[in-house]
Amino acid sequence: MPQRGAVLIVDDEPGGRETLEALLLREGYELLFAANGQEALEQAAMHLPDLVLLDVMMPGMDGFEVCRRLRADPRLAEIPVIMVTALDDRDSRLEGIAAGADDFVSKPFDRVELRTRVRNTVRLNRYRRLLLERAKFEWAVEQADDGYLVLNEDDEVLYLNPRGRLYLGLPPADGQDASPGKFLELARRQYRCEPQEAWNAWPGLPTPPDTPRYLVRPRTSTSSEFWLQVHIAEITPPAEQRYLVRLRDVTPGVLNQLNMWSFQGLVNHKLRTSVSILVGFIDILAEELPAGLDPELKAYCAMIREGIMRLKDDVFDVLRYVNASDTPVPEKERCPLALFAQLVANTAATAGIGKCTFSCTGLSSDEVSVPLSSQTVELILLELLENARKFHPRKSPTVEVRLSVSGERARLQVIDDGLTLAPDQLVRIWTPYYQAENGFSGAVPGMGLGLPVVATLVWRAGGTCCAYNREDRPGLVIELLLPTEEK
């Protein structure tokens, strides 16, 4: 039988202790024993039992004095005490009540009565402790720096603490029990849900489960960017479908990471210069190898050159990612959508894409622009086109770049005819250093930073990005949605 609580039996007579043990052993309690008052106080302090069965008539320190000392100790004062007594007079019971006893049982014992009184007292003490712990928890949640919410299966907010109200832009609680609304509807009033694929199963866990969810408020001319990381856990049986949500401000961490990435101010030039010198000399060496050089040495030189070129590509990938992540969102510089055709042509030539087409629909004016510099747009396009070539089975993709404008949003799609990705890969490709391969072998060119560069720049500009497989043939679609403005 599972334990139902700890009971301290205090009696100077071994027979009395044995009798109570026999009556309670089958009830499943953890039974503790003390033979005198001092031992009872020591055992209570050590184990904090759920109940003390305390004999009144003991030599030295009697049960009344033990009870008074228990009540005088702040750690022990709330432990229930049932006095076991052969005294049946009114004065003795009044003295026990004055000492702090909760109940009495008389010798000889009525077995049913004894078990019932013990069971009820232990249960009530457990409830009291639970209520106390709940009060402590509620106080901690109310004072927490994180936002905490409880949602039902329909995403309706059943509870939220003051910090959660602050993060969602809600006024302080007014004592009413009405739900303020659905969580996603409240969040989307001021945040973007990123990455969007991770939110498709809300309020369930994302797929894969360890995919982070963010609420992102982009930087504006009047406010700094703000990032909340969202964690969710099911806290009740499935039939009730209750969810606990934590909103944690990770803006300092994100900004610290961006500051860490700014190490390129010291390292960037040194790495680029060193690698460029190394590449230059290996190229000269390859061109001026003596005609009669041993073929094996020539092969070694070719392998060295290949390794150096891979090192150059990897180093430049990392530096490009660092530079992009540390680039602030421009507040004045804008890229007109009318320039996209030329930017696509330029980046396609740089990326070595021979077959690349561009189309644009819905653009009504040359004055419409996106909140990114033309250099940043060119970087985004270059990353997407280089990825299309890098992961194409024959390194010669056919790429379509489509730009469509509707209302205050511009949709940019880069469509290739290369790989088809699994669902978990489509979510993870925005994670730094992740590469779409079965296990990390290091054989795939690059560092897995191209799409994270794109995501960082797009999210910080107030846009969204997603990836999905083509329906008509193998290949991938990278879709960016950017805010637009017109002079």
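Here the scattering of segment 145-257 is modelled by Debye summation over its C-alpha atoms, one equal scatterer each and no solvent; at q = 0.13, 0.14, 0.16 Å⁻¹ the log10 of I(q)/I(0) is -0.49, -0.57, -0.75. How much of the pair distance distribution for segment 6-140 lies past 21 Å, counting alpha-carbon pairs only, in percent? Every Cα pair in segment 6-140 considered, those over 21 Å come to 37 percent.
For segment 338-408, the list of GluC sites (Glu not before Pro) that fall in a loop by DSSP and count at most 16 other C-beta atoms within 10 angstrom reads Glu367, Glu408. For Leu363, nonlocal amide neighbours, meaning residues 5 or more places apart or on other chains whose placed amide H falls under 5 Å from its own, are Val405.
Restricted to Cα atoms, segment 1-80 shows a radius of gyration and a Dmax of 12.0, 37 angstrom. Mean sequence separation of contacting Cα pairs (under 8 Å, at least six apart), scaled by the length of the chain, corresponds to a relative contact order of 9 percent.
Taking θ as phi - 60° and the Karplus parameters 6.51, -1.76 and 1.60, the scalar couplings of segment 213-221 work out to 10, 10, 10, 10, 10, x, 5, 10, 5 Hz in sequence order, x denoting glycine and proline. Between the amide H of Arg409 and those of Thr484, distances stay under 5 Å, these residues lying 5 or more places away or on another chain, with hydrogens modeled in the peptide plane. Over segment 335-486, the ratio between the Cα radius of gyration and 2.2 N^0.38 Å evaluates to 1.00.
Given N residues in segment 383-424, what is Rg(Cα) / (2.2 N^0.38 Å)? Mind showing how you got there, number by number?
Values: Rg = 12.6 Å, N = 42, 2.2 N^0.38 = 9.1 Å.
Rg over 2.2 N^0.38 Å, computed on Cα atoms: 1.38.
Of all DSSP beta bridges in the chain, what percent run antiparallel (nearest 5)?
Working: 48 of 72 bridges.
For the chain, the DSSP antiparallel bridge percentage is about 65.
Where Lys and Arg each count +1 and Asp and Glu each count -1, what net charge lies around Arg402 among other residues with Cβ under 13 Å from its Cβ? For residues surrounding Arg402, the net value is -1.
So which GluC sites (Glu not before Pro) in segment 67-160 are both in a DSSP loop and have at most 14 other Cβ atoms within 10 Å of their Cβ? Each step should come with its number before you reach the end.
Working: sites: Glu78, Glu95, Glu113, Glu133, Glu138, Glu142, Glu153, Glu156; in loops: Glu78, Glu153.
Qualifying residues, ordered by number: Glu78, Glu153.
With the charge dipole of segment 145-257 set up from +1 on Lys and Arg Cβ and -1 on Asp and Glu Cβ about the Cα centre, the Cα lying farthest toward the positive end among the listed residues Gln190, Ala173, Thr222 is that of Thr222. Per residue, the Cα convex hull of the chain amounts to 268 Å³.
Only helical runs count toward this figure. For the chain, summing -39,500 (n - 2.57) over DSSP H runs of n ≥ 4 and dividing by all residues gives -13000 deg cm²/dmol at 222 nm. Put simply, the amide H of Leu158, placed in the peptide plane, has neighbours under 5 Å in Val150, Leu151, Asn152, leaving out anything fewer than 5 places away on its chain. The angle between the Cα long axis of helix 111-143 and the main principal axis of the chain comes to about 40°, on a 0 to 90 degree scale.
Laboratory data are not the source of any read-out in this text; all were calculated from the coordinates shown. Everything quoted here is computed from the prediction, not taken from an experiment. Cβ atoms come from the backbone with ideal geometry, glycine included; neighbour counts cover every protein chain shown.
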